[in-house]
1. Given the whole protein assembly as supplied and a 1.4 Å probe, what does the accessible area of residue 44 come to in Å², nearest 10?
2. If each residue of separation counts as 0.36 nm, what is the full-extension length gain between residue 269 and residue 201 once their alpha-carbon separation is subtracted?
3. Enumerate the amide H contacts of residue 288 below 5 Å, restricted to partners 5 or more residues apart or on another chain; note that Pro and chain-start residues carry no placed amide H.
4. Net charge around residue 244, counting only other residues with Cβ within less than 12 Å of its Cβ (Lys, Arg = +1; Asp, Glu = -1)?
5. Taking a 21 Å limit on the Cα-Cα distance, which of the listed pairs 83/333; 103/333; 83/141; 90/170; 25/269 fall beyond it?
6. Given +1 on the Cβ of Lys and Arg, -1 on the Cβ of Asp and Glu, and no further charges, what dipole in debye does the stretch 59-332 carry about its Cα centre, rounded to the nearest 20?
7. From the backbone phi of the stretch 306-312, what are the Karplus-calculated ³J(HN,Hα) couplings (6.51 cos²θ - 1.76 cosθ + 1.60, θ = phi - 60°) in whole Hz, Gly and Pro given as x?
8. Collect residues whose amide H, placed 1.01 Å from N in the peptide plane, falls under 5 Å from the amide H of residue 125; neighbours closer than 5 in sequence don't count.
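The values are calculated or read from the model by the stated rules, or taken from the named source; none is laboratory data. Treat the numbers as computed from the prediction; the structure is a model and nothing was measured. Every residue, glycine among them, receives a Cβ derived from its backbone with ideal geometry; neighbour counts consider all protein chains shown. Calculation scope for accessible area: heavy atoms of the full protein, side chains included, ligands and nucleic acids excluded. Shrake-Rupley method; radii C 1.70, N 1.55, O 1.52, S 1.80 Å.
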Amino acid sequence: MRCVFHNPTIPKTKAMSTETEYHSKDFEWDQLREEIENDPSLRYHFQLSSQPETIQFSPSLSSHDSQAWDNFHTRHSTGKFFKERRYLLKEFPELASCDENSKVLEVGCGNGSTALPILRGKERIIVCACDCSTEALERAKELIYATNIVSVSHRFRTFHCDFSVSGFPKWLACNLCQEIFSKKGHNCFSDFSDKMRNDLNDFFSSEGNYCCMGGVDFITLIFTLSAVPLHRMPTAIAECFSVLKPGGLLLFRDYGLYDMTMLRFEPEKRVGFREYMRSDGTRSYFFCLDTVRDLFVGAGFTELELEYCCVKTVNRRNGKSMRRVWVHGKFQKPT
Ligand SMILES: C[S@@+](CC[C@H](N)C(=O)[O-])C[C@H]1O[C@@H](n2cnc3c(N)ncnc32)[C@H](O)[C@@H]1O
């Protein structure tokens, strides 16, 4: 079992590190579900439809979504908002135990909270990070290039893209690579010598000699899919599948159904079933395990791990206990 459970004989103390808290399973999800579904004041969350649902299908929504995220990242441009996901390599140890020069695609990188621990955790790993917000990409670059991580400027690249609309650029995996990743004689980045494979700059300055990187070994989708409208999720996941090498892993973490932040949304913030829009225009979907399974297995992935992480945290200001629910998933592209 991946989660580190609290030992009931050891009381949870303030001294307990944030890292440990992130790995805890403090309550049973089924118990929470029963409680929530029997609370009449929360009934509006379960109604099948709410009136603004048509908003999802507007063709201009993609730029609207990106604009909302741009504004979000502009508002939170100070380093204070940045929180490195220190628990990431504990949740996904494959990112540390993988081969030298493995390639990671961090989708919806925000200000670099996920990219940073990956680069820190493995000296020769390569991280390509994308976001639909140019503001986010600027923040991520600033933060990551300011660290003293070994040869980080050679191992980290950002690019702008809304993966749910335009898909990923072909330099990640060209059409041929997408068909046959291991085809010999194909002049793509996967044929590079070890030295060059360790340096993204060499690839980008190779003046078209190499049509693509030959796909990636890992995709991290950490609190990003929930920001994509539900009807665009299948396309977004299919895109991830297409650039991942056979045997590659997609590492997933996102908001879970009945997370405290879902229950706090007022009725008028509902834009669909389990979909909400914040006042700033950014969206959030709350996943149950079946939805995640259907989406990823439906795209061709094999499920390796899928579970709720249920963590109790305490609001420092008012001392109130908050029940957080996240979904942890690990999916593999069949070889
Ligand atoms: C909650 S942040 C998560 C950031 C990061 N993955 C992390 O672990 O902290 C979600 C990010 O996804 C980006 N995003 C939302 N929709 C996207 C899309 N369709 N394509 C690419 N990025 C998207 C947002 O701009 C935002 O930076």
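1. About 50 Å², ignoring ligands and nucleic acids.
2. Answer, rounded to one decimal: 20.1 nm.
3. Close amide H contacts, sequence-distant or interchain: 257.
4. Here the charged neighbours net out to +1.
5. Beyond 21 Å: 83/333; 90/170; 25/269.
6. 1020 debye
7. Rounded to whole hertz, the list is 7, 7, 7, 10, 10, 10, 8.
8. 101
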